[in-house]
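Peer 1: Okay, handing you the structure first.
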Amino acid sequence: MKKIIALVVLACLYTTANAATYSFNVAAGSNVGSGSLVTDATGFATSGSLVMTSGADMGTYVLFSGGVSPTYSPYNAFIFDNMTYNGSAIDLDWYGLLFVGNGLEINIWGNGAGNPYSFWSHNGSGYNFSSDAAAFAMTAATPIPAAVWLFGSALVGLAGIGKRKQGKVLIA
């Protein structure tokens, strides 16, 4: 049983070590904001937030969970996949990210290398804002290296072995 628990803990540490956190800024006309994303090892965004500080879409939004494959948004206004790509810069594909909140859906997507991003919002009955010339810049936060997680788990294991040996009494 202890071996199974140890394997589960190591699997969790491995998954955490391969997650990456990014921050980004977006500017589309008068809509200006920033946010953050957490992605897994494949580039799939598992969680995130967007705070628009000015413009028609001012407010706080959360990343809408979707599949790795293209999926329709709840209002059927957008197709999204919440994927990021890490080439020479961190990019979005043609489906992009979907954020929801305040009765709106916001889709931010890439238009191919060297082209501006698109930023569109939908309020359930029509498009609230659209721009195919959005500025989008994503930067990586400093990740904790996998070696740190492995070293930490090794220390925990050694502490457990030390504790086990202290519990044994030698009879001479």
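The values are calculated or read from the model by the stated rules, or taken from the named source; none is laboratory data. None of these values were measured; they are calculated from a predicted model. A quick note on method: Cβ atoms are made from the backbone with ideal geometry, for glycine too, and the neighbour counts reach across all protein chains shown.
Peer 1: Scan region 74-120 for residues that are out of contact with any strand residue (DSSP E or B) (no Cβ under 8 Å at 6 or more places or on another chain) and modelled with pLDDT of 95 or more and jot them down.
Peer 2: Listed by number, the residues that qualify are ASN76, GLY103.
Peer 1: Give the residue that is farthest from PHE24 (Cα to Cα), with candidates limited to residues of region 90-114 that are assigned to a loop (DSSP other than H, G, I, E, B) and more than 16 Å from the chain's Cα centre (by Cα).
Peer 2: GLY103
Peer 1: How many of the residues in region 44-84 are closer than 22 Å to ALA19 by Cα and buried (at least 17 other Cβ atoms within 10 Å of the Cβ)?
Peer 2: Qualifying residue count for the region: 12.
Peer 1: Let me ask something additional. Can you say whether VAL26 is at pLDDT 75 or above, under 25 Å from LEU104 (Cβ atoms) and assigned to a strand (DSSP E or B), as far as the supplied structure shows?
Peer 2: In short, yes.
Peer 1: If I ask for residues that are without any contact (Cβ under 8 Å) to a residue 12 or more places away in the chain and either in a strand (DSSP E or B) or of a type in the set (A, V, I, L, M) (or both), which ones from region 72-87 would you list?
Peer 2: Scanning region 72-87 gives a single hit, TYR72.
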